[in-house]
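Since the structure comes first, as C-alpha cells, the remarks are kept for the end.
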Amino acid sequence: MARENQIIVGLDIGTSKIACIVAEAAPDGRLDIVGIGTHPSNGLRRGVVVNIESTVESIRLAVEEAELMADVDIKKVYVGIAGSHIRGYNSHGVVATKNGEVTEEDVTRVVEAAKAMNIPADQQILHVLPQEYIIDRQDGIREPVGMSGVRLETRVHVITGALSSAQNIIKCCNRCDLDVSAIVLEQIASSEAVLSQDEKDIGVLLVDIGGGTTDLAVFIDGAIRHTAVIPVGGDHLTNDLVAGLRTSAREADILKKRYGSCMTSLISAEETVEVPRVGGRPPQSMPRQVMAQLLEPRMQELFELVREELERSGYRELVAAGVVLTGGSSLLEGTQELADEIFELPVRIGRPQNVGGLTDVVNSPIYATGVGLIHYGQRYREEQGLHFDDTSSESLWSSVRRWFGGS
Ligand SMILES: Nc1ncnc2c1ncn2[C@@H]1O[C@H](COP(=O)(O)OP(=O)(O)OP(=O)(O)O)[C@@H](O)[C@H]1O
Ligand SMILES: [Mg+2]
C-alpha cells in the first residue's frame, strides 16, 4: 500500500496562524502525527479570508514545512471554516418507510427531507448532523437501519456558511495545488480532538478561543445541538494591552503570552514587568497586576457573552460535564480560574487527544482544530468507504452524514 494513501492532512486556516498537520493512519485506526508546519497568518479577519494573496503565501509556507518534516507530497487537505457568517439551525424531517423496515435509503431520504429548509441564496449547507431518529413515535434512536416501523423521523442540526467564504478557502488551497477533501466547521473539528465521548454523551460546552473569534458548540446525548460564533478573541486582549501599555502589537502579544493573566487576584503586588515602548523611548517597568487589570475585564466580558449564548440556547441546565476551553487564548494564565467563577460549572482546558507520533508538539490547545480535522478526515473516509481512495469535489458538498456529531 503506497504510503501517500494512508496520509491525512488537516489545514487550519486561522486568524493568527496557519497550521498544517500531517498524520499517518495505521490499518487499526491509530493516528500518528508525522509532520507539522505553521506560519503566521495575515490574510484573515475574524476567521474569514480577506486577502487571498497573503493567505496563499502563508498556506504555501506552512504546507512546505509540513511536507519536509513528514517527507510526503501533500495533495489533499481537510480544511476548517469559521466566522460570523456561520449559522446553526435545528430542523426536522419525516418520511414513510418503503417496506415497513428502515433501510439505508430511508435514512438518506429522511435526512434530505430535514435539509429541505429555506436558506438564503448566498448561504451553503456545510453539515447536516443527525441528532436522533424517531420510528413510529419512539424517539432517541441512534441507529435506525433494520428496525421495523412505517414512519421515520429525524431531528438534525444544519450548519450553513457564506458561499463566498467557502469558495475563497477552496480558491486559496487550489492556488497552492491542494484539493479540498472537505470543509469542516472549526468547532466541530476541535471537538473531535479535545472532547471525550463521555463528555458529549453527558452534555458539554466546547469553547474554542482563537485569535479573531470564539467558536462554541454544545453537545448533549452524543450529538451536536447548538453552534455559535462570538467575534471576540485573543487579538482583542492584545489590542487592550497596546492601548493600555502604549506598546506595539507585536510586543503586546509577546508580553501577553509571557506575563499576561486574567485573574488579577492571583498575582502578587511585588511582581513587575519590563514593557518595551514605541518611538525609541526606554522600556518602562510596571506591576504585573496592571497588565492583568487590562486583560481581566475583556476575558470576563467574553465569558459573559459565552454564558449568555449558552442560556439563550436553552441547554444551560443540560451541560452536566461542564465547559471545555481550547484554542490558543485558553493558554492565558488564569483563564480556567476565571471561567470557573463565571460558569459555575466544571471547567478544563482541552488539548488534542488520541494521537501518537509528534505528540509533544501538538499537545497544545493551539492545535485543537488542526488535529481535529485529521480525526474528522479519518471518520469521513470510513463513512464514504474511501479508505485509501480519492474524494471528489462533488462529495464535498454532499453533506448527508449518518453520524451523530462526533459519536
Ligand atoms: N500562552 C499564551 N497565552 C495567552 N494567549 C496566547 C498564548 N498562546 C497563544 N495565545 C493567543 O492565542 C491566539 C491564537 O490562538 P489560535 O492559534 O487558536 O488562533 P487561530 O486559530 O489562528 O484564530 P481563529 O480561530 O480565531 O481564526 C492569539 O491571540 C495569541 O495571542
Ligand atoms: Mg482557530
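What percent does the relative contact order of the chain come to when contacts are Cα pairs within less than 8 Å and at least six residues apart?
20 percent
Can you tell me, using C-alpha contacts under 8 Å and at least 6 residues apart, the relative contact order of region 87-160 as a whole percent?
Numbers: 156 pairs, mean separation 35.5, N = 74.
That works out to 48 percent.
Take Lys257 and Met147, extend 7 Å from each Cα along the Cα→Cβ direction, and tell me the distance between the two endpoints in nm.
It is 4.9 nm.
How long are the semi-axes of the equivalent ellipsoid of region 87-160, defined as square roots of 5 times the Cα gyration tensor eigenvalues? Whole Å, largest first.
Working through the eigenvalues yields semi-axes of 24, 11, 9 Å.
Placing +1 at every Lys and Arg Cβ and -1 at every Asp and Glu Cβ, with all other atoms neutral, what dipole size does the chain have around its Cα centre, in debye to the nearest 20?
Working: 38 positive and 58 negative charges, 178 e Å.
Charge dipole, the chain, about its Cα centre: 860 debye, nearest 20.
Run down the lysines and flag those whose C-alpha is under 23 Å from the C-alpha of Lys257, throwing out any fewer than 8 positions away in its chain.
The reachable lysines, counting only those whose Cα sits under 23 Å from Lys257, are Lys17.
Express in Å², to the nearest 10, the accessible area of Tyr89 obtained by rolling a 1.4 Å probe over the protein heavy atoms while all chains stay in place.
It works out to around 70 Å².
Mind checking which of Leu163, Leu241, Leu31 has the largest fluctuation in a GNM of the chain, springs on alpha carbons under 10 Å?
Comparing Leu163, Leu241, Leu31 in the GNM, the peak value goes to Leu163.
According to a simple spin-label model (label point 7 Å from Cα along Cα-to-Cβ), what is the distance in nm between Gln138 and Ala116?
2.7 nm
Of Pro27, Pro346, Pro287, which has the largest mean-square fluctuation in a 10 Å C-alpha GNM of the chain?
Comparing Pro27, Pro346, Pro287 in the GNM, the peak value goes to Pro27.
Counting DSSP beta bridges with both partners in the chain, what percentage is antiparallel, nearest 5?
In the chain, DSSP labels about 75 percent of beta bridges as antiparallel.
Just want the answer: with Cβ charges of +1 for Lys and Arg and -1 for Asp and Glu, which residue in Thr227, Ile349, Ile141 is farthest toward the dipole's positive end in the chain?
Thr227
Tally up the carbon and sulfur contribution to the accessible surface of the chain as a whole percent, 1.4 Å probe, everything protein left in place. Don't skip to the answer; put the middle values down first.
Numbers: 7970 of 17130 Å².
The computed percentage sits at 47.
How many nm is it between the label spots at Asp198 and Arg277, if each spot is 7 Å from the Cα in line with the beta carbon?
Each label point is offset 7 Å from its Cα along the Cβ direction, giving 5.3 nm.
Among the aspartates and glutamates, which fall within straight-line cross-link reach of Lys256, defined as a Cα-Cα distance under 20 Å, with same-chain neighbours fewer than 8 residues apart omitted?
Asp208, Asp235, Asp240, Glu270, Glu271, Glu274, Glu296, Glu301, Glu333, Glu337
How much FRET efficiency would the formula 1/(1 + (r/R0)^6) give for Leu266 and Tyr89, where r is the Cβ-Cβ distance and R0 is 41 Å, rounded to 0.05?
That gives a FRET efficiency of 0.50.
Per residue, what volume in Å³ does the Cα convex hull of the chain take up?
143 Å³
What helices does the chain have that are whole DSSP H segments, at least 24 Å long along their own axis by Cα, and with mean Kyte-Doolittle hydropathy of 0.0 or more?
Values: long enough: 52-70 (26 Å, 0.42); 288-313 (37 Å, -0.62).
The qualifying helices are 52-70.
Using a 1.4 angstrom probe, figure out how much accessible area the chain has per residue, in square angstrom, rounded to the nearest whole.
Each residue of the chain exposes 42 Å² on average to a 1.4 Å probe.
The values are calculated or read from the model by the stated rules, or taken from the named source; none is laboratory data. Remember, predicted model here, so these are calculated numbers, not experimental data. Neighbour counts run over all protein chains shown; Cβ positions are idealised from the backbone, glycine included. Quick note on the areas: whole protein, heavy atoms, side chains included, nothing else; ligands and nucleic acids left out. Shrake-Rupley method; radii C 1.70, N 1.55, O 1.52, S 1.80 Å.
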